[in-house]
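One structure below.
The values are calculated or read from the model by the stated rules, or taken from the named source; none is laboratory data. Bear in mind that the values here come from a model prediction, so they are computed numbers and not experimental data. Cβ coordinates were reconstructed from backbone atoms using ideal geometry, including for glycine residues, and neighbour counts include every protein chain displayed.
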Amino acid sequence: MRLSFQDYISIKIHQTDLSLTSFVKSKLEPFNLAPEQNLIMMLLWEKDGITQNQLVESLEKDKTNIARMASSLEKKGFIQRIHCPNDRRSVRLYLTQAGKELGEKVIPIAEEFNEIVCKGITEEEILELERLLGKINENVQRLI
């Protein structure tokens, strides 16, 4: 039996991702911040001074993509990239004052967004969703 368009779980996940990304993009636009750049900023607001390699691991993005986003954030004045003195190949990212002030505006928006997304979903359901998404991700990673 052939699956119909709406039967593919990957399509449902993709449609949900598009919806989430579109909403986040509209909320971040006034701050000159793209959704993917926001992921870097969220990690820096959590722990300032992490390396680009740590971002690569945390966000599961390639080094070139992270370097490009970091360069853009630096040009916008939100971060400063500093080479590690003991390893010139390693670069740490630090928030500027403007980057810290941006966090005071964006973090409440992210928290409100999370509340909206999770409305009516129990903590157990969220844990189950995380488990299922992890399984799906593992299945796909085996193919790559």
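The condition (being in contact with a Pro (Cβ under 8 Å, 6 or more places away or on another chain), within 19 Å of G103 (Cα to Cα) and at pLDDT 95 or above) is satisfied by just one residue among L28, L43, L33: L28.
Does S19 satisfy the condition of being modelled with pLDDT of 95 or more and more than 21 Å from G103 (Cβ to Cβ)? Walk me through how you get there before you give the answer.
On the way: modelled with pLDDT of 95 or more: yes; more than 21 Å from G103 (Cβ to Cβ): yes.
Against the criterion (modelled with pLDDT of 95 or more and more than 21 Å from G103 (Cβ to Cβ)), S19 qualifies.
Filtering I121, I79, I109 for residues that are touching a helix residue (DSSP H, G or I) at 6+ places or on another chain (Cβ under 8 Å), crowded, with 16+ Cβ neighbours inside 10 Å and either β-branched (V, I, T) or more than 30 Å from I144 (Cβ to Cβ) (or both) leaves a single hit, I79. Condition first: touching a residue at least 12 places away in the same chain (Cβ under 8 Å), of a type in the set (K, R) and closer than 30 Å to L18 by Cβ. Can you find one or more residues in the stretch 89-104 that meet it? Within the stretch 89-104, none of the residues are touching a residue at least 12 places away in the same chain (Cβ under 8 Å), of a type in the set (K, R) and closer than 30 Å to L18 by Cβ.
Given the criteria more than 24 Å from I13 (Cα to Cα) and exposed (fewer than 11 other Cβ atoms within 10 Å of the Cβ), does E74 qualify? Taking the combined requirement at face value, the residue does not satisfy it.
The residues in the stretch 18-62 that are among the charged types (D, E, K, R), surrounded by 13 or more Cβ atoms within 10 Å (Cβ to Cβ) and part of a helix (DSSP H, G or I) can be counted, and the count is 3.
Per-residue answers, yes or no, for (1) more than 28 Å from G134 (Cβ to Cβ); (2) out of contact with any strand residue (DSSP E or B) (no Cβ under 8 Å at 6 or more places or on another chain):
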| site | (1), (2) |
| --- | --- |
| L28 | no, yes |
| Q37 | no, yes |
| S90 | yes, no |
| L102 | yes, yes |
| N114 | no, yes |
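Across the stretch 22-56, the number of residues qualifying as over 23 Å from L93 (Cβ atoms) and β-branched (V, I, T) comes to 0. Scanning the stretch 105-134 for residues that are over 17 Å from L20 (Cβ atoms), within 17 Å of the chain's Cα centre (by Cα) and without any contact (Cβ under 8 Å) to a residue 40 or more places away in the chain yields a count of 2.
Quick one: how many residues across the stretch 63-111 are of a type outside the set (D, E) and part of a helix (DSSP H, G or I)?
Of all residues in the stretch 63-111, those of a type outside the set (D, E) come to 63-73, 75-86, 88-100, 102-103, 105-110.
Among the residues that remain, those that are also part of a helix (DSSP H, G or I) are: 63-73, 75, 97-100, 102-103, 105-110.
Here the count works out to 24.
Yes or no, residue by residue, for (1) closer than 22 Å to A110 by Cβ; (2) polar (S, T, N, Q); (3) more than 16 Å from the chain's Cα centre (by Cα):
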residue: I11; (1), (2), (3): no, no, yes
residue: F23; (1), (2), (3): yes, no, no
residue: P30; (1), (2), (3): yes, no, yes
residue: W45; (1), (2), (3): yes, no, no
